Amino acid sequence: LLARKRAKGGRFGPIEVGDYFNYYFGNPVTVKQGESREVRIEAITRLSMLEGEEIAPVQELRGHIRTAAGEPTPGVRVFAYREAAMTGTPAFFSPPADAEGRFVLPVDLAGTYYLVARESFGGPAAPGEFYGRYGGEQGKPIEVREGVALKEVTIDVQRR
């Protein structure tokens, strides 16, 4: 269990300077059906003086997200997973694609990744959500190696 209040608003992303956050010291918390439990979490704020040097990504995966008709899909993100099932927590995710459907996905660990493009975080794709895997329904891996240039990729999406 944790608490977080983002200084800039929003629901996702790393903890930034000015955000309030903390973990509950009593984790894990068990609550049975029909029960309630009050917990108190003293939040702290992330300070700039605690920030370390920013780590440069090993690579930046770049490309376009489009519909089958070739239309760009602004606002869709790309998620990089280490497993072909592409479930659970992604290793990395991009900011939203721009108006032309272009995305940039910083990856700071070399390895094999599977990419999925979608509009929202977490859980199965919602009805009407743009969703698509790089390489089609089965997915196709991308090898990220330090110092080895990557070609741009295109991810085709469709509404679920």
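The values are calculated or read from the model by the stated rules, or taken from the named source; none is laboratory data. These numbers were taken from a predicted model, which means no experiment stands behind them. Positions of Cβ are backbone-derived with ideal geometry, glycine not excepted, and every protein chain shown enters the neighbour counts.
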Given the conditions (1) modelled with pLDDT of 90 or more; (2) in contact with a strand residue (DSSP E or B) (Cβ under 8 Å, 6 or more places away or on another chain); (3) of a type outside the set (Val, Ile, Thr), every one holds for Phe21 apart from (1)
Out of all the residues in the range 64-84, which are without any contact (Cβ under 8 Å) to a residue 60 or more places away in the chain, under 18 Å from Ala126 (Cα atoms) and over 11 Å from the mean Cα position of the chain (by Cα)?
Pro74, Gly75
Pick out, from the range 51-145, the strands (runs of 3 or more DSSP E) lying fully within it that include 1 or more residues that are closer than 24 Å to Gly10 by Cα and not hydroxyl-bearing (Ser, Thr, Tyr).
59-67, 77-81, 102-107, 111-118, 130-133
For residues that are in contact with a strand residue (DSSP E or B) (Cβ under 6 Å, 6 or more places away or on another chain) and in a loop (DSSP other than H, G, I, E, B), scanning just the range 151-160, find the one that is surrounded by the most Cβ atoms within 10 Å (Cβ to Cβ).
Arg160
Quick one: count up the residues across the range 99-128 that are surrounded by 14 or more Cβ atoms within 10 Å (Cβ to Cβ) and within 15 Å of Ile155 (Cα to Cα).
12
